Amino acid sequence: MTIPVQLLLKKKEHFERDEHHVPSDFHEELFRLEAEGEWVVQRVPEPYIEVATKYGRPKKIPVAGMWHHKSCGQCGHIPGYSTSIYWVMRRLGIDYNDPRDQTSCTAWNYYASATSNAAAQAAVALRNFSAAYETGYFPLIHCGTSYGHYKEVREELLHHPALRAQVRSVLGKLGKQMVMPEEIIHYSEWFYAMRDRIAAAQVLDFSGIAVTVHPACHYYKLVEGDAIYDPDIYGGQRTAIVTGLVQALGAEVRTYSTWFDCCGFGFRHILVQRDFTRSFATQRKIEVMKEEANPDVVLTHDTGCVTTLDKSQFAAQAHNKNVGVPVMSEAQFAALAMGAHPYKVCQLHWHSTDYRPLLEKMGIDWREAWAEFERDADKLRRGDQQFLTWEDVDA
Amino acid sequence: MSMLAYPGGSGRGRLEAVIDAGSALLKAPAVAGFADVPFAEKQRLVDEVMADMRYPDYLYGCYECGICVAACPSARFYDFSPRRIAQASAREDVELMYQQMEEDIWECSQCFSCVRCPRGNNPGGIITIMREVAVNNGLGSARKALEGYTRIIYKIMSTGTQVSPDMLQPDAFPDWGPEVKDVSENLDVWRRMLPPETMHTTSTGWDVDPRTLIELYLIWFETGALDMIKKVDEGLHMILEEVMEERLEEEGIER
Ligand code: SF4
Ligand code: SF4
């Protein structure tokens, strides 16, 4: 018997939203608990944009007034990721809050080492939510791991009164109240919702740029009903995030067969067992993308994925593997489209793979840009100036 | 019950073990890479896994279909299988679950690709719980898996951010290319060139408010997360406890 490949592929072309198979909306329980005085629900501030999640439930994405829940991996090792998010918001004239009263979600460590527990993880999450609430700004989560983990934490708190009681008692000792945001929002959802405004501010033509997208596991696999989908993007079979933005920017999105595979990050593996990470990232992702789609750049929307897919390629070159494609976040890609400085804003010198051919294709003179960066660096080295400011990077 | 024969090495002859039919992958103690413990102890550990409030949400039986295996990165690159995890749990196979806690669970990438399970299972989530139990009970696998990882635990628990710019040292990441050396050599200047004021730091991802850190320390104390460290690394626990208690004392906070 032959395998009916075409039939199988046809079945995968579209995801039909079926009203009989819609997971229940968590908001009902969320607001019920608020009415019973269990916690405060921080409302999504107006104005907001509504986008559709996997099973059709609309999700409100605020336009402005966000509290930036930073990512330790982005700020620490890929700082251009964070600075690009800020830069795009500033360029669009959007007010935000960059807090110091924020810890990491600590979930990278939790998924790596399990040296924590559900109560501690929930308390860390709600401490941050409470800190955001105190400022009046609404949390925007930069990291896919934090986003996925916080959604898990929300599920656990919604369903386990004993956990809520324990977390309430811990937060009470810190003088913090129980706060849960109406929606948990990932920065890439904001970029998706704002894609037309971002495209309207575009200054470079990206029509000649070919892109492959790696969707981040913890964005859409964890609590899947909360991720954004569009029937017109991949037939609603994959999240519309990143791809929708790239299309709005006029670049070409190319598909590849291992899109569902993770990147190989592994949480503990990337730190202490990188042979697995390197092999997986190159053999299951980069090489497949190169062979099937030959992109100019790989875009993704999570700390771990950018790190893994970017850093794993160097060692593979020694084995003559078919690698060598730049990797960045879609926030950096959008910032470049809007005219951001590749070094002062996008910080591409922190990346490992060679991004220079891509910049040339985008029409960016990287030699001149690097010379400008070095001139500014010298000012700091000489002590003429202590820091580079937002005004400096746009000068 | 069935008798399964294990091929032995020279001089060892044939090892035989009496095991459940469902545990065809169970290793006899003589070939397992971990110490055997009395059955009651294994049962206690398994009970601890099953008592976790999340456990009923992570397991609804198993079709044995292998969809999770097809999606699993660790199954592709290790001798590891989320289906075996779900099967052992669904059968409440104490011997096999203990073996998995000592051998398999640290291979998992925690990517949660396996939640595409048509039965609604979350094998990766079961593993999270098994890992927590392994840490809580100081199992050999947990101690071994966390060797070389302790500086990360120290960083996250004491500073509130997990990876810091100054970790980017060429000797720590020789496989990440020459850019790591460039970053480490220019770290101070390149950090001060980042336009957000919160990101001029080198030993943390961003500038965390001291008050925020104290709140984090209280969370570690109050939820028992700090105590968990004692089970896998006494030295690290001592250092962390000292650092945190000193800060809390300075602030006049009594626990
Ligand atoms: S856990 Fe789920 S996906 Fe895996 S074998 Fe069992 S039923 Fe199939
Ligand atoms: S979470 Fe673990 S078991 Fe599940 S697919 Fe990922 S690596 Fe495999």
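The requirement of being at negative phi and surrounded by 24 or more Cβ atoms within 10 Å (Cβ to Cβ) is not satisfied by A:Val203. Restricting the stretch B:39-97 to residues that are out of contact with any helix residue (DSSP H, G or I) (no Cβ under 7 Å at 6 or more places or on another chain), within 15 Å of B:Arg116 (Cα to Cα) and not hydrophobic (A, V, I, L, M, F, W, C) leaves a set whose member that is most open to solvent (accessible area, probe 1.4 Å) is B:Tyr63. Annotation note: of A:Arg367, A:Arg278, A:Arg375, the sole residue that is closer than 24 Å to A:Pro215 by Cα and open to solvent by 10 Å² or more (accessible area, probe 1.4 Å) is A:Arg278. Among the residues of the stretch B:76-104, the one identified as near ligand 2 (Cβ under 9 Å from one of its atoms) and among the β-branched types (Val, Ile, Thr) is B:Ile85.
For the stretch B:109-121, filtered to residues that are open to solvent by 10 Å² or more (accessible area, probe 1.4 Å) and within 11 Å of ligand 2 (Cβ to nearest atom), the residue that is farthest from the other protein chains (Cβ to nearest Cβ) is B:Cys117. Where helices (runs of 4 or more DSSP H) sit wholly within the stretch A:342-395, those with at least 2 residues that are more than 19 Å from A:Trp87 (Cβ to Cβ) and of a type outside the set (A, V, I, L, M) occupy A:356-362, A:366-382. When only residues in the stretch A:40-76 that are open to solvent by 20 Å² or more (accessible area, probe 1.4 Å) and free of Cβ contacts under 8 Å to residues at least 40 places away in the same chain count, which is farthest from A:Met178 (Cα to Cα)? Only one residue fits best here, namely A:Gly56.
For the stretch A:252-266, the candidate set comprises residues that are surrounded by fewer than 24 Cβ atoms within 10 Å (Cβ to Cβ) and not polar (S, T, N, Q); within that set, the residue that is farthest from the other protein chains (Cβ to nearest Cβ) is A:Glu252. Number of residues in the stretch B:184-223 that are crowded, with 19+ Cβ neighbours inside 10 Å, assigned to a loop (DSSP other than H, G, I, E, B) and more than 7 Å from chain A (Cβ to nearest Cβ): the value is 2. Would a scan of the stretch A:176-192 turn up a residue that is among the polar types (S, T, N, Q), closer than 30 Å to A:Ala165 by Cα and open to solvent by 40 Å² or more (accessible area, probe 1.4 Å)? Checked the stretch A:176-192: at least one residue is among the polar types (S, T, N, Q), closer than 30 Å to A:Ala165 by Cα and open to solvent by 40 Å² or more (accessible area, probe 1.4 Å). Looking only at helices (runs of 4 or more DSSP H) that fall completely inside the stretch A:109-215, which ones have 3 or more residues that are within 12 Å of chain B (Cβ to nearest Cβ)? Of the helices (runs of 4 or more DSSP H) lying wholly inside the stretch A:109-215, those with at least 3 residues that are within 12 Å of chain B (Cβ to nearest Cβ) span A:118-135, A:144-159, A:161-174.
Taking helices (runs of 4 or more DSSP H) as the structural unit, those lying wholly within the stretch B:76-145 and holding at least 3 residues that are within 17 Å of the chain's Cα centre (by Cα) and either within 11 Å of ligand 1 (Cβ to nearest atom) or of a type in the set (Lys, Arg) (or both) correspond to B:123-136. Only residues that are assigned to a loop (DSSP other than H, G, I, E, B) and within 13 Å of ligand 2 (Cβ to nearest atom) were counted across the stretch B:65-75, and they come to 2.
The values are calculated or read from the model by the stated rules, or taken from the named source; none is laboratory data. None of these values were measured; they are calculated from a predicted model. Here the Cβ is made from the backbone with ideal geometry for all residues, glycine too, and neighbour counts use every protein chain on show. Protein only, heavy atoms only, side chains kept; ligands, DNA and RNA dropped before computing areas. Shrake-Rupley method; radii C 1.70, N 1.55, O 1.52, S 1.80 Å.
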